[in-house]
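Report on the structure given below.
The values are calculated or read from the model by the stated rules, or taken from the named source; none is laboratory data. Treat the numbers as computed from the prediction; the structure is a model and nothing was measured. Methodologically, a virtual Cβ is constructed for each residue, glycine included, from the backbone with ideal geometry; neighbour enumeration extends over all protein chains shown.
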Amino acid sequence: MTKAKGTADKNLSNVAEALDMNPVNSHQAQQFNQDKNDRRHQDSLNFDQPTDLSHQRGDSDN
């Protein structure tokens, strides 16, 4: 698989274009905010969690 050199990432450019739009009314503004929140949620789902089982979330060393 080869990468094109000197060109922007298509996914990144599409997101940048979507975020650059100005809403014309409150409904469209709410839709833009929901799209942004959906992207953030999907990003958090795709985030790799550490596999260190001795330091899991919620464990405290008190």
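Quick notes on this one:
- Number of the exception - F32 against (1) modelled with pLDDT under 85; (2) surrounded by 10 or more Cβ atoms within 10 Å (Cβ to Cβ); (3) hydrophobic (A, V, I, L, M, F, W, C): (1)
- The set of residues in the stretch 14-29 being modelled with pLDDT of 90 or more and in a helix (DSSP H, G or I) consists of S26, H27, Q28, A29.
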